[in-house]
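Undergrad: Quick one: this structure, given as structure tokens, is what I'll be asking you about.
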């Protein structure tokens, strides 16, 4: 009887969480122009991200987190991105739980002392020289592209210690948000609501135990923290594009329902060219998405068995991710083309979706260098440093 009651309670909690999540998505969709205008996601939305588990999703269970799988986290971000690309992008930095796991355990215990719902944002490039001083590193400089910094509690900045440290990957110094100045200068074509402003840091001493090598070995040993970190960092961004593209197709299908053309032409859904194109982009998006999640699952199953994924499998993570970002952008643009004149108005989500999804293809993780490295490996050559 107790087991039955427990199962019923669990089902009720799941249903309540779904209602809360769906309500959040509706509010995000309704407020997308608010986020664009102010150049960041409103704090009440960040708080609700905490409540639905965005920021504890990838935090270890030992610290009260959910320790979800990479696929589960990507699916969560994909759904948020369907409501708004900027909101999905900011939520994707729940991956901070992975980045921060490279800190020493004693530091992690301090970070999560009051709970796992800690919001982290960071700017890695360009890494700035940091003087080695008593107590750690003296951090100075300016960093760009710090997505989600307006709602963060912890900020990271890329540094190059002046100590002869020899690593191909930059070190990141972590500090409280109040030690950082945010310059709100995010003036770009899309993903305006991400608040990817510059941060400025002046003479902040960061203890060495509050720094980590980005993409370095995690201090935790469960499968999630052995998943290829740099691949995961690219995947949580690309999945935003998959969500946007899905929303764009759905927008066109909804527009066609009962729509009367101002020219007297047949309903959009009755036009042969529209039927052909919507079927093509549906197939292309589903195919790219299927490979994206298949590559994740291939690596995840290896990790669950306690083994290490091959370099080829990691390369397929990177290649399927870049491929999905390009397909998502193409699908979204073609959905707008099918929509005709209606898709150019700012009142129509398609205009914003096209701008947002194109921004993702411009990210360094999604550049043509991915194809070069993946192609080199397929021919049996070594990729450039940092690819795997």
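Undergrad: If you line up the long axis of helix 272-304 against the longest principal axis of the chain, both from Cα atoms, how many degrees apart are they, to the nearest 10?
TA: Here the helix axis deviates by roughly 30 degrees.
Undergrad: A follow-up question, please. Provide 273, 387, 371 in ascending order of the number of other Cβ atoms located within 10 Å of each residue's Cβ, fewest first.
TA: If I rank by nearby Cβ atoms, fewest first, I get 273, 371, 387.
Undergrad: With only alpha-carbon pairs counted, each pair once and no self-pairs, how large is the Kirkwood hydrodynamic radius of the range 231-388 in angstroms? Can you show the working numbers first?
TA: On the way: mean 1/r = 0.0588 Å⁻¹.
Hydrodynamic radius (Kirkwood, Cα pairs) of the range 231-388 is 17.0 Å.
Undergrad: Starting from the Cα gyration tensor of the range 80-132, take the square roots of the eigenvalues, sort them a ≥ b ≥ c, and report rounded, prolate or oblate (rounded when a/c is under 1.5, otherwise prolate if a/b is larger than b/c, else oblate).
TA: On the way: a/c = 3.29, a/b = 1.31, b/c = 2.51.
Because a/c hits 1.5 or more and a/b fails to exceed b/c, the range 80-132 counts as oblate.
Undergrad: Okay, moving on. Do you know the relative contact order of the range 223-372, to the nearest whole percent, from alpha carbon pairs under 8 angstrom that are 6+ apart?
TA: It rounds to 35 percent for the range 223-372.
Undergrad: Here is a further query. Determine the calculated [θ] at 222 nm for the chain from helices alone, applying -39500 (n - 2.57) to every DSSP H run no shorter than 4 residues and normalising by the residue count; nearest 500 deg cm²/dmol. Walk me through the intermediate numbers first.
TA: Details: 12 runs with 192 residues, N = 388.
Only helices count here, giving -16500 deg cm²/dmol.
Undergrad: With a 10 Å cut-off between alpha carbons and a GNM built on the chain, which of 30, 142, 56 moves the most?
TA: In the Gaussian network model the winner is 30.
Undergrad: Please work out how much length the chain gains when fully extended from residue 178 to residue 106, using 0.36 nm per residue of separation minus the C-alpha to C-alpha distance, in nm with one decimal. If you can, show how the numbers build up before the last one.
TA: Details: separation 72, 0.36 × 72 = 25.92 nm, distance 2.19 nm.
Result for the pair: 23.7 nm of gain on full extension.
Undergrad: Moving on. By per-residue mean of other Cβ atoms within 10 Å, what is the highest-first order of 116-128, 232-244, 175-187?
TA: Output ranking for 116-128, 232-244, 175-187: 232-244, 116-128, 175-187.
Undergrad: Could you work out the relative contact order of the range 82-211, using alpha carbon pairs under 8 angstrom and six or more residues apart, expressed as a whole percent? Don't skip to the answer; put the middle values down first.
TA: On the way: 255 pairs, mean separation 38.0, N = 130.
Result for the range 82-211 is 29 percent.
Undergrad: If the chain between residue 305 and residue 37 were fully stretched, how many nm would it gain, using 0.36 nm times the residue separation less the Cα-Cα distance?
TA: Details: separation 268, 0.36 × 268 = 96.48 nm, distance 4.75 nm.
Answer, rounded to one decimal: 91.7 nm.
Undergrad: Sticking with this one: For 348, 74, 26, 149, which order do you get if you count the other beta carbons within 10 Å of each Cβ and list the fewest first? Numbers along the way, then the final one.
TA: On the way: 348 16, 74 24, 26 11, 149 28.
By the 10 Å Cβ count, ascending: 26, 348, 74, 149.
Undergrad: For the range 184-238, just say rounded, prolate or oblate: build the C-alpha gyration tensor, square-root its eigenvalues into a ≥ b ≥ c, call rounded for a/c under 1.5, and beyond that prolate if a/b exceeds b/c, oblate if not. Kindly include the intermediate steps, with their values, before the conclusion.
TA: Working: a/c = 4.05, a/b = 1.26, b/c = 3.21.
Oblate, since a/c reaches 1.5 and b/c is not below a/b.
Undergrad: Taking Cα atoms, how many degrees apart are the long axis of helix 229-256 and the longest axis of the chain, rounded to 10 and kept between 0 and 90?
TA: 20
Undergrad: Could you tell me which of rounded, prolate or oblate describes the range 83-198, using a ≥ b ≥ c as the square roots of the eigenvalues of the alpha-carbon gyration tensor, with rounded for a/c under 1.5 and, failing that, prolate when a/b is larger than b/c and oblate otherwise?
TA: Oblate.
Undergrad: Could I ask something else about it? Suppose R0 equals 45 Å. What FRET efficiency, 1/(1 + (r/R0)^6) with r the Cβ-Cβ distance, do residue 376 and residue 222 give to the nearest 0.05?
TA: Values: r = 32 Å, r/R0 = 0.71.
The value I calculate is 0.90.
Undergrad: Another question about this same structure. Between the helical axis of 43-52 and the dominant principal axis of the chain, each derived from Cα atoms, what acute angle in degrees is found, rounded to the nearest 10?
TA: Once rounded, the angle reads 90 degrees.
Undergrad: Let me ask you something else. Pulled fully out, how much extra length does the chain show between residue 254 and residue 30, if you take 0.36 nm times their separation in residues and subtract their Cα-Cα distance?
TA: Details: separation 224, 0.36 × 224 = 80.64 nm, distance 1.64 nm.
Between residue 254 and residue 30, full extension yields an extra 79.0 nm.
Undergrad: Mind ordering 373-382, 307-316 by average Cβ neighbours within 10 Å, highest first? Spell out each step's value before the answer.
TA: On the way: 373-382: 13.1, 307-316: 16.2.
Packing proxy ranking, top to bottom: 307-316, 373-382.
Undergrad: At a 10 angstrom cut-off on C-beta neighbours, averaged per residue, how do the peptides 336-342, 49-55 rank from highest to lowest?
TA: Values: 336-342: 18.1, 49-55: 20.7.
Highest mean packing first, the order is 49-55, 336-342.
Undergrad: While we're on this one: Take the alpha-carbon centre of the range 177-236, take the same for the range 307-376, and report the distance between them in whole Å.
TA: Value for the Cα centre distance between the two parts: 22 Å.
Undergrad: What's the exposure ranking of 363, 323, 197, going from fewest to most Cβ atoms within 10 Å? Don't skip to the end; give the middle numbers.
TA: Numbers: 363 16, 323 21, 197 24.
Taking fewest neighbouring Cβ atoms as first place, the list is 363, 323, 197.
Readers should treat all values here as calculations from the given coordinates under stated rules, not as data from a laboratory. The structure displayed is predicted, hence computed values, not measured ones. No Cβ is skipped: glycine too gets one built from the backbone with ideal geometry, and neighbour counts run over all protein chains shown.
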